[in-house]
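Everything on this sheet refers to the single structure shown next.
The values are calculated or read from the model by the stated rules, or taken from the named source; none is laboratory data. Since this is a predicted model, take the numbers as computed values, not measurements. Here the Cβ is made from the backbone with ideal geometry for all residues, glycine too, and neighbour counts use every protein chain on show.
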Amino acid sequence: MKLLLLTILSTIVLGCASKETINIGGSTTVLPVISNAAESYRALNPDIRIIVNAGGSGVGINQVGENKLDIGMTSRSITDTEKQKYPNVDFNVISIGRDAVVPVVSSEIYDAGITALTLQQIGDIYAGKISNWSELGGPDQDILCVDKETSRGTRHVFMKAVLGDKEAPAPGADLVLGSNNEEQTALSQSNSAIGMLSNAWLNDDVKGLNILMDDGSKIEPTLANIINGTFPITRDLLIVTNGTPTGNIKAFIEYILSDEGQRIVEQSGYVRIK
Amino acid sequence: MTRKSKNSFFKIFCWLSVSACFGTLIFLFGVIFLNGIPAISLDFITSRSSNFGSEGGILYQIVGSILIVLVAALLSFPLAIGTAIFKSEYLNNRKWKKLSNVLIFGLNGIPSVVFGIFGLILFVNILGFGISWFVGSIILAVMMLPTITLTTFQSINSIPVIYRESSLALGLNKWQTITKVLLPQSFSGAITGLFIGLARAIGETAPIMFIATAFSGVDLPSGIREPVSTLPTHILALAQQATNPAALQNAWGASFVLILLVMLFSTTALVIRKRQLSHQRL
Amino acid sequence: MFALNNNIGKSYVVFSTFISTMIIFLILILLLINSWDAISFSGIELFSLEWAPYQNKYGILSMLYGTLIVTFTALVLSIPLGIATSIFTAEILPYKYRFIVKSLLELLAGIPSIIYGLIGVAFFSIWVQDIFQLQTGRTLLTAGILLSIMVLPTIITLADDALTNIPHKYREASKGLGLYDYEVIKSTLLPIAKSNIIGAILLALGRALGETMAVMLVIGSIDKIPSPIYNLLTSGQTVTSKLGREISETAFGSVHFSALIFMGFVLLLVVICFTLIAQYFSNKTERLYD
């Protein structure tokens with residue numbers, strides 16, 4: 001027992017004497033890109049340690065502000081309140097990709113005929129004005145309205161588009177979840193749910209709605225529509241640092257913006273920035 | 001209803017309750033074992049996790065968990081023994097005894113998430129340690145303190161007075177009595193408490209999830225101010241992806257390993273306690 | 001030399017005890033200080049129904065209600081089950097099996113809460129969803145069920161201890177009077193063990209109030225009191241779940257953070273109160289007529 005202890009302690013002290021560490025955390029939308037980029041970067045630079053955490057865009061911005069993270073990941077822009085909270089911090093924002101926030105429904109609803117809605121209708125569901133799918137031409141079932149925690153980037157972008165205010169309350173919400181993963185889980189467990197996800201999380205159980213525009217056209221949430229800008233709810237995927245990045249951090253960011261890094265962006269289901 | 005039928009109803013209710021409890025127990029362990037064992041392989045235990053945890057193994061989570069709780073035990077043990085000795089040998093006033101009991105039981109009952117926010121405020125923010133595995137150990141040490149103190153106290157207290165009297169009669173002073181006569185006999189009680197505390201600490205998520213852990217990219221920490229990955233927080237992250245079968249399977253695997261560790265600590269405590277009971281003196 | 005050792009030893013134990021006993025006050029004070037911002041900002045409005053940090057509304061009532069109702073559900077389920085099981089293990093079970101049963105119970109008590117959470121998400125929430133034909137299984141009821149399983153071992157073990165501590169002559173005397181087993185237990189044993197059993201229940205209550213992980217994953221995190229108020233089949237929010245989810249999102253020192261700490265402070269006070277009351281009951285033994 002004592003021997004085990006000694007071994008562990010000495011491994012720590014001797015083993016990884018001084019590794020350069022980059023601390024990254026924040027949006028779960030950007031997380032897959034950074035995680036995978038970190039893994040390939042580590043293969044090229046074994047001396048650098050990159051620690052990645054989730055938590056949401058709010059946490060990313062927050063912790064960069066408090067100098068606990070070197071790089072924050074966020075899928076929304078920094079709010080004025082946040083800028084005021086950290087007056088001494090120079091938030092340097094770099095875009096590393098683009099994605100879309102897609103209103104998603106359970107596959108049973110999609111298969112029952114609801115494949116497109118207007119932004120107004122979606123907003124009404126979250127505002128509590130519409131509570132049954134039959135009001136929208138679907139089956140007679142209560143809508144399970146899945147919301148996200150208020151500091152999440154995905155929510156900011158989504159609410160801005162459907163309710164006009166990125167911090168809008170959603171009285172019609174039935175469930176409040178956190179990461180993209182959790183939301184995807186809940187949506188696939190239900191058969192009449194609506195929620196908001198990044199386009200990389202769409203799958204067979206969780207179908208993305210087409211947006212019914214004012215002129216009657218239906219815009220599908222495809223990569224092409226994100227690239228050409230016709231899908232109305234798109235956003236940049238951002239990383240944030242305090243001031244201009246230098247040294248290892250700068251090198252890693254340049255790696256993400258390089259061709260290889262951008263390929264990782266695409267493999268994760270997003271659109272490259274260059 | 002006759003008295004006899006009331007009696008029968010009652011007995012049936014008791015049997016049903018026991019079956020329900022037993023059934024729950026079997027269900028819980030069955031689920032963990034049946035789902036966990038297929039997920040375990042040598043590869044799983046010895047490789048690092050990747051891709052949100054849905055691929056790869058849990059090596060650094062295991063290392064992180066063990067590191068945090070062992071250091072916590074190191075921090076907690078001396079303090080607990082000191083407190084137990086004080087309570088048993090130096091506290092004579094009934095009122096003070098009751099008060100110390102209350103305070104220690106009180107500490108035992110504090111919700112784990114409150115410990116977490118306490119650690120966040122004091123260590124991460126005010127003292128500026130940042131996210132650090134060592135802070136996690138400190139908080140877990142505080143949580144283990146009442147358990148170890150109480151078992152050690154029971155051990156010391158149950159040593160008959162005659163040992164103390166003989167020791168003093170031979171000319172040993174108080175501290176020597178404690179170290180040479182009382183502590184050696186109650187040591188196994190202290191160790192029992194230690195292992196019970198370890199079993200509880202290794203499964204804790206809330207206290208460490210926002211002050212000591214990170215999700216990926218962590219291997220062995222190279223200093224005090226670094227986060228680690230632990231089994232419970234890893235399971236938490238995986239549980240949020242419950243419909244992803246790869247992630248879910250890894251969650252069961254990690255749960256299985258965690259339960260094994262908990263059982264390892266608990267059975268060690270049990271074995272030590274049994275051995276101590278069979279070594280009854282006088 | 002020996003005197004010096006004696007003094008060092010004494011300072012060591014005094015120091016240790018000081019730390020052990022003072023930590024609880026340190027925690028209380030630290031939490032109170034950090035809640036001060038929220039208290040001065042919102043005052044009594046902290047106990048309102050609306051939690052909307054972006055609009056500077058920090059009403060924690062919905063969370064308090066969620067905690068209470070989930071705990072209440074857990075107790076309603078676990079008290080009858082727990083006491084009945086403890087009666088079984090104490091009175092009906094043959095002596096040779098006691099060790100195995102007690103060990104199994106300890107095993108159950110040792111399962112970490114996050115694993116309960118995982119089982120909750122993977123099984124219980126789906127069962128609740130299917131049985132009650134709901135849209136989602138993340139409800140107050142699911143959390144209550146999980147909690148009841150978690151506190152069951154506590155109630156069983158302590159109640160069992162209480163019953164086995166009663167000397168046999170009470171049972172023998174009652175049986176000698178012609179009472180059935182049920183009546184022996186109900187009229188003789190339970191009243192004697194009453195204080196200890198109440199202590200056990202309060203301890204279980206304290207544990208249920210403070211449980212975070214299992215609840216956080218299955219409760220749905222909606223900061224609202226269900227309508228109607230007794231509807232357990234909707235999502236809700238508890239203090240612990242809110243803390244677990246939101247604390248890392250808030251900036252240290254902001255009013256939002258302070259409001260969350262205030263919630264934690266209130267919870268801590270409630271738990272400490274119940275622990276003290278439990279202590280009182282556990283130490284109070286009924287007069288055994290010797």
- [ ] State all residues of segment A:173-193 that are more than 18 Å from A:Ser75 (Cβ to Cβ) and away from chain C (no Cβ under 11 Å); if no residue qualifies, say none.
- [x] A:Ser188
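Taking segment A:220-246, which residues are exposed (fewer than 14 other Cβ atoms within 10 Å of the Cβ) and in contact (Cβ under 8 Å) with a residue 40 or more places away in the chain? Reasoning before the result, please.
To start, the set of residues in segment A:220-246 that are exposed (fewer than 14 other Cβ atoms within 10 Å of the Cβ) comprises A:224, A:227-229, A:243-244, A:246.
Answer for segment A:220-246, where residues must be exposed (fewer than 14 other Cβ atoms within 10 Å of the Cβ) and in contact (Cβ under 8 Å) with a residue 40 or more places away in the chain: A:Ile227, A:Gly243, A:Thr244.
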Task: Subset of segment A:130-148 (residues that are surrounded by fewer than 19 Cβ atoms within 10 Å (Cβ to Cβ), within 12 Å of chain C (Cβ to nearest Cβ) and in contact with a helix residue (DSSP H, G or I) (Cβ under 9 Å, 6 or more places away or on another chain)) - done: A:Ser131, A:Gln141, A:Asp142
- [ ] Could you please give the count of residues in segment C:212-268 that are closer than 21 Å to C:Ser40 by Cβ and among the acidic types (Asp, Glu)?
- [x] 1
- [ ] Would you mention how many residues in segment C:67-114 are in a helix (DSSP H, G or I), over 30 Å from C:Ile225 (Cβ atoms) and not polar (S, T, N, Q)?
- [x] 21
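Considering only segment A:156-209, how many residues are part of a loop (DSSP other than H, G, I, E, B) and touching a strand residue (DSSP E or B) at 6+ places or on another chain (Cβ under 8 Å)? Talk me through it step by step, then tell me what you get.
Taking segment A:156-209 first, the residues part of a loop (DSSP other than H, G, I, E, B) are A:164-174, A:178-179, A:190-192, A:202-205, A:209.
Checking which are touching a strand residue (DSSP E or B) at 6+ places or on another chain (Cβ under 8 Å) leaves us with A:169-170, A:172-174, A:178, A:190-192, A:202, A:205, A:209.
Selection size over segment A:156-209: 12.
Listed here are the residues, each with its yes/no results for (1) more than 30 Å from A:Asp70 (Cβ to Cβ); (2) at pLDDT 85 or above; (3) in the same structural domain as B:Leu28 (by TED's automatic domain parsing); (4) under 14 Å from the mean Cα position of the chain (by Cα).
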{"site": "B:Gly193", "(1), (2), (3), (4)": "yes, yes, no, yes"}
{"site": "B:Ala212", "(1), (2), (3), (4)": "no, no, no, no"}
{"site": "B:Gly217", "(1), (2), (3), (4)": "no, no, no, no"}
{"site": "B:Ala242", "(1), (2), (3), (4)": "yes, no, no, no"}
{"site": "B:Leu248", "(1), (2), (3), (4)": "yes, yes, no, no"}
{"site": "B:Lys274", "(1), (2), (3), (4)": "yes, no, no, no"}
- [ ] Give the residue, chosen from B:Ile104, B:Ile81, that is surrounded by 23 or more Cβ atoms within 10 Å (Cβ to Cβ), at pLDDT 90 or above and among the β-branched types (Val, Ile, Thr).
- [x] B:Ile81
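Quick one: would you say C:Leu209 is more than 20 Å from C:Thr164 (Cβ to Cβ), at pLDDT 85 or above and surrounded by 23 or more Cβ atoms within 10 Å (Cβ to Cβ)? Step through it out loud before you land on a result.
On the way: more than 20 Å from C:Thr164 (Cβ to Cβ): yes; at pLDDT 85 or above: yes; surrounded by 23 or more Cβ atoms within 10 Å (Cβ to Cβ): yes.
The answer is yes for C:Leu209.
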TODO: Can you confirm whether segment C:52-60 contains a residue that is part of a helix (DSSP H, G or I), touching a residue at least 60 places away in the same chain (Cβ under 8 Å), more than 12 Å from chain B (Cβ to nearest Cβ) and of a type in the set (Phe, Trp, Tyr)?
DONE: no
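Matching residues to (1) facing chain C (nearest Cβ under 10 Å); (2) crowded, with 20+ Cβ neighbours inside 10 Å; (3) touching a His at 6+ places or on another chain (Cβ under 9 Å):
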{"site": "B:Phe9", "(1), (2), (3)": "yes, no, no"}
{"site": "B:Cys21", "(1), (2), (3)": "yes, yes, no"}
{"site": "B:Phe33", "(1), (2), (3)": "no, no, no"}
{"site": "B:Ser47", "(1), (2), (3)": "no, no, no"}
{"site": "B:Leu59", "(1), (2), (3)": "no, no, no"}
Task: Tabulated pairs, segment C:66-88, first buried (at least 22 other Cβ atoms within 10 Å of the Cβ), second acidic (Asp, Glu), C-beta under 7 angstrom, 6+ apart or interchain - done: C:Ser86/C:Asp160
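Of the residues that make up segment B:44-67, is at least one among the charged types (D, E, K, R) and either under 22 Å from B:Ala199 (Cβ atoms) or at pLDDT 85 or above (or both)? Spell out the reasoning first.
So the first thing to find is which residues in segment B:44-67 are among the charged types (D, E, K, R), and the list is B:48, B:55.
Now restrict to residues that are either under 22 Å from B:Ala199 (Cβ atoms) or at pLDDT 85 or above (or both): none.
Within segment B:44-67, none of the residues are among the charged types (D, E, K, R) and either under 22 Å from B:Ala199 (Cβ atoms) or at pLDDT 85 or above (or both).
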TODO: Scan segment A:67-114 residue by residue and report those that are within 19 Å of A:Gly26 (Cβ to Cβ), of a type outside the set (D, E, K, R) and assigned to a loop (DSSP other than H, G, I, E, B).
DONE: A:Asn67, A:Leu69, A:Ser75, A:Ser77, A:Ile78, A:Thr79, A:Tyr86, A:Val89
Open item on the list: Checking B:Leu99 against (1) part of a helix (DSSP H, G or I); (2) crowded, with 19+ Cβ neighbours inside 10 Å; (3) at pLDDT below 90; (4) within 11 Å of chain C (Cβ to nearest Cβ): exactly one of these is not met. Which one?
Closed with: (2)
Open item on the list: Just the residues that are facing chain B (nearest Cβ under 9 Å) and either free of Cβ contacts under 8 Å to residues at least 60 places away in the same chain or touching a strand residue (DSSP E or B) at 6+ places or on another chain (Cβ under 8 Å) (or both), please, taken from segment C:207-252.
Closed with: C:Arg207, C:Leu243, C:Gly244, C:Ile247, C:Ser248, C:Phe252
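Quick grid of which residues meet (1) surrounded by 24 or more Cβ atoms within 10 Å (Cβ to Cβ); (2) free of Cβ contacts under 8 Å to residues at least 40 places away in the same chain:
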| residue | (1), (2) |
| --- | --- |
| C:Leu93 | no, yes |
| C:Phe99 | no, yes |
| C:Ile114 | yes, no |
| C:Leu118 | yes, no |
| C:Ile126 | no, yes |
| C:Leu134 | no, no |
| C:Arg138 | yes, no |
| C:Ala143 | yes, no |
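Against the condition within 11 Å of another protein chain (Cβ to nearest Cβ), in a helix (DSSP H, G or I), more than 21 Å from the chain's Cα centre (by Cα) and not polar (S, T, N, Q), how does B:Lys87 come out, does it pass? Break it down into steps so the answer makes sense when it comes.
Working: within 11 Å of another protein chain (Cβ to nearest Cβ): yes; in a helix (DSSP H, G or I): yes; more than 21 Å from the chain's Cα centre (by Cα): yes; not polar (S, T, N, Q): yes.
Judged against the criteria, B:Lys87 is a match.
Only one residue in A:Ser35, A:Ser27, A:Ser77 is within 21 Å of B:Gly56 (Cα to Cα), of a type in the set (S, T, N, Q) and either in contact with a strand residue (DSSP E or B) (Cβ under 8 Å, 6 or more places away or on another chain) or within 12 Å of another protein chain (Cβ to nearest Cβ) (or both), so which one is that?
Values: A:Ser27 fails: within 21 Å of B:Gly56 (Cα to Cα); A:Ser77 fails: within 21 Å of B:Gly56 (Cα to Cα).
Among A:Ser35, A:Ser27, A:Ser77, only A:Ser35 is within 21 Å of B:Gly56 (Cα to Cα), of a type in the set (S, T, N, Q) and either in contact with a strand residue (DSSP E or B) (Cβ under 8 Å, 6 or more places away or on another chain) or within 12 Å of another protein chain (Cβ to nearest Cβ) (or both).
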- [ ] Find the residue count for segment B:119-145, including only residues that are within 10 Å of another protein chain (Cβ to nearest Cβ), of a type in the set (A, V, I, L, M, F, W, C), within 22 Å of C:Leu268 (Cα to Cα) and more than 19 Å from the chain's Cα centre (by Cα).
- [x] 5
